[in-house]
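Have a look at the structure below before the remarks.
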Amino acid sequence: MLVSAKDMLEKAREGKYAVGQFNINNLEWAKTILATAQECNSPVILGVSEGAGRYMCGYKTIVGMVNGMIEEMGITVPVALHLDHGSYEACYKCIDAGFSSIMFDGSHYPIEENVEKTTELVKICADKGMSLEAEVGSIGGEEDGVIGAGECADPEECKMIADLGVTMLAAGIGNIHGKYPANWAGLSFETLAAVKDKVGDMPLVLHGGTGIPEDMIKKAISLGVAKINVNTECQLSFAAATRKYIEEGKDLAGKGFDPRKLLAPGCEAIKNTVKEKMELFGSINKA
Ligand code: 13P
């Protein structure tokens, strides 16, 4: 059964580790990430962007698929199915479809409108036992074709949104989606500490988990980050392993082209990436 991310994140914040959110794009990714979480005895959050939602034939299809996998694969670790960077409309669609968690990305609205819409969603999520992530200060890089410059959140605005009763808060601290440029200034721990000071025990979320140096990840966890999102790194490892397999000509061996065999090396690569991240985030054996 899918669960809200609330309990797993509160436990993570208290235990000073973080739960990984790994984005899914298809059946193979979902199956691989679930199997890895089970093997590592780790809680896990499956992230679904709006683009991935459309690709996978809509939110209802995804809910059916993931629920089916949890049952058929005998998954017993806590699994949350989470809308990543949801628009207001997508949040409602995921609530109806049976997601257990949503992110309302209201960071591009004026703060008053962000507050109004978040308040409404807080109430619905509380009624349904779902978790809700809010964002303050846009996270840079590219997400579904939209490029943000990345900014540091205003701690006062973070407090205003946290006080509405959201489950977790993504605050921009200089992090960006995708690869970090060579001249990246690093995470702003000053901002993170100021946000933590204002929001107290609220679990914080670090987006753009690909390519952040390990010491920064650990420091962010020590300052209240309890959820870390990873997408690009799985894409890169999947693509590299698939490319290598094709270049070696193995897909043409024997009986010829078999999509199940073709996708297997990429899935193995994702498994290794997810395991590495779970180790780094400290979530292994925390189910
Ligand atoms: P990366 O693609 O940089 O790993 O970030 C993922 C993310 O933050 C999804 O919301």
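The values are calculated or read from the model by the stated rules, or taken from the named source; none is laboratory data. Owing to the predicted nature of the structure, the values given are computational and were not obtained by experimental measurement. All Cβ positions, glycine included, derive from the backbone under ideal geometry; neighbour counts span all protein chains shown. Heads up: the accessible areas ignore ligands, DNA and RNA and are worked out on the full protein's heavy atoms, side chains in. Shrake-Rupley method; radii C 1.70, N 1.55, O 1.52, S 1.80 Å.
Overview of results
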| item | result |
| --- | --- |
| Of all residues making up region 123-139, the number that are more than 10 Å from the ligand (Cβ to nearest atom), under 30 Å from Gly211 (Cβ atoms) and not hydrophobic (A, V, I, L, M, F, W, C) | 3 |
| Hits in region 7-33 - residues which are hydrophobic (A, V, I, L, M, F, W, C) and farther than 15 Å from Lys277 by Cβ | Met8, Leu9, Leu27, Ala30 |
| Residue in region 191-209 that is among the polar types (S, T, N, Q), away from the ligand (no atom under 15 Å from the Cβ) and without any contact (Cβ under 8 Å) to a residue 60 or more places away in the chain present | yes |
| Test result for Met73, surrounded by 15 or more Cβ atoms within 10 Å (Cβ to Cβ) and more than 25 Å from Ala171 (Cβ to Cβ) | no |
| Failed item in (1) at pLDDT below 95; (2) closer than 26 Å to His108 by Cα; (3) among the hydrophobic types (A, V, I, L, M, F, W, C), with Leu46 passing the rest | (1) |
| Meets criteria (more than 14 Å from the ligand (Cβ to nearest atom) and either touching a Ser or Thr at 6+ places or on another chain (Cβ under 6 Å) or under 27 Å from Tyr109 (Cβ atoms) (or both)) for Gly165 | yes |
| Region 66-88 residues that are of a type in the set (Phe, Trp, Tyr), paired with ones that are more than 16 Å from the ligand (Cβ to nearest atom) (beta carbon under 7 Å, 6 or more apart) | Tyr88/Lys117 |
| Matching entry among Leu169, Leu187, Leu164 (being closer than 28 Å to Leu34 by Cα and not polar (S, T, N, Q)) | Leu169 |
| Residue list for region 4-43, filter: out of contact with any Ser or Thr (no Cβ under 7 Å at 6 or more places or on another chain), open to solvent by 10 Å² or more (accessible area, probe 1.4 Å) and of a type in the set (Gly, Ala, Ser) | Gly15, Ala35 |
| Residue in region 135-161 that is modelled with the lowest pLDDT, counting only those that are under 20 Å from Gly20 (Cβ atoms) and in a strand (DSSP E or B) | Glu143 |
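Yes or no, residue by residue, for (1) more than 17 Å from the chain's Cα centre (by Cα); (2) within 30 Å of Ala153 (Cβ to Cβ); (3) within 12 Å of the ligand (Cβ to nearest atom):
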{"position": "Gly211", "(1), (2), (3)": "no, yes, yes"}
{"position": "Glu214", "(1), (2), (3)": "yes, yes, no"}
{"position": "Ile221", "(1), (2), (3)": "no, yes, no"}
{"position": "Leu263", "(1), (2), (3)": "yes, no, no"}
{"position": "Phe281", "(1), (2), (3)": "no, yes, no"}
